[in-house]
Structure formats: structure tokens, C-alpha cells
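Here is the structure we will look at.
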Amino acid sequence: MATSLVQATGRRKRSIARVRFNPGTGVITVNGRAFDDFFPSPTHRNAITEPFRLTETEGAWDIDVTMDGGGVSGQAGAMRLGITRGLVELDPERRPTLKKAGFLTRDPRKKESKKYGLKKARKAPQYSKR
């Protein structure tokens with residue numbers, strides 16, 4: 001297997017996406033599956049491919065993604081961040097455009113951890129007067 005041109009990592013919530021760019025025709029593979037098969041929702045697919053449309057680089061690279069953890073929405077966000085970071089690494093002149101669109105900002109929101117004595121992070125047990 002040939003080495004990739006660029007590797008980038010994207011994270012969101014509990015999801016981690018390792019994105020590899022190879023010269024090609026624009027084929028996107030996620031965990032060995034087709035992009036449309038892995039993300040059936042057009043909303044997620046549009047969000048993921050938005051950096052390509054913004055920089056007008058659709059179809060320039062084959063992308064291989066290794067996805068780990070989280071749900072569909074978190075995985076889509078992680079993949080978009082990974083793709084954006086890879087595009088910036090390939091050509092630093094794209095950075096201002098992607099930064100202005102907000103694609104380079106890591107979303108810091110995560111699930112709050114459960115506290116002892118509580119049922120969830122903030123939900124307390126039901127109060128009983130007697």
C-alpha cells in the first residue's frame with residue numbers, strides 16, 4: 001500500500017477521525033466502506049464535503065478515513081475537521097478561507113461526566129419528604 005500524501009486527525013465529542021489524503025479522483029472511503037453507505041444522511045454528507053466546495057478542490061484527492069467512537073453526528077464533525085486540517089496542510093494559503101468559515105475550530109463540547117451520589121451528571125435522586 002502506498003504511503004499517503006497527508007494525514008490529519010479530527011475529533012468531536014467522543015469521535016476520532018484519522019484522515020489520509022492520496023492523489024486521485026475524489027473517492028471517499030470510511031472504515032473500508034463507501035462514503036454514501038457510511039453516512040446515509042445527506043445533511044451529514046454535505047457538512048463533511050463543505051471544505052472541498054469552499055476551497056474548490058472537489059475530486060482532487062482520494063480520502064481514506066479511519067473512524068473510531070461516538071455517534072453519527074460526532075463522526076461527521078470529526079471527519080470535517082480532519083479534512084479541513086488536511087487541506088490546510090496541503091496548501092497553507094487555504095487557511096484564512098477555512099478559518100473564516102469556522103471549519104478549523106475544534107468543537108470543545110463533550111458529555112459531562114457522572115458525579116457520585118447523582119443518577120447522571122446533574123440529575124439528583126427523587127426527593128422524598130417522608
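Values as computed for the structure displayed
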| quantity | calculated |
| --- | --- |
| Extreme residue, surrounded by the most Cβ atoms within 10 Å (Cβ to Cβ), among residues of the stretch 17-60 that are within 16 Å of the chain's Cα centre (by Cα) and part of a loop (DSSP other than H, G, I, E, B) | F39 |
| Unmet criterion (only one of (1) outside any helix (DSSP H, G or I); (2) in contact with an Asp or Glu (Cβ under 7 Å, 6 or more places away or on another chain); (3) among the small types (G, A, S)) for A124 | (2) |
| Count of the stretch 1-16 residues which are over 19 Å from W61 (Cα atoms) and assigned to a strand (DSSP E or B) | 4 |
| So G77, is it in contact with a strand residue (DSSP E or B) (Cβ under 7 Å, 6 or more places away or on another chain), in contact (Cβ under 8 Å) with a residue 24 or more places away in the chain and under 12 Å from R18 (Cα atoms) | no |
| Sole exception among (1) surrounded by fewer than 21 Cβ atoms within 10 Å (Cβ to Cβ); (2) part of a strand (DSSP E or B) for M67, by number | (1) |
| Top-ranked residue of the stretch 93-130 - restricted to ones that are more than 22 Å from the chain's Cα centre (by Cα) and surrounded by 10 or more Cβ atoms within 10 Å (Cβ to Cβ), ranked as farthest from T9 (Cα to Cα) | A124 |
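Each value in this text was obtained by applying a stated rule to the coordinates, not by laboratory testing. Owing to the predicted nature of the structure, the values given are computational and were not obtained by experimental measurement. Neighbour counts are summed over all protein chains in view; Cβ atoms, including those assigned to glycine, are modelled from backbone coordinates with ideal geometry.
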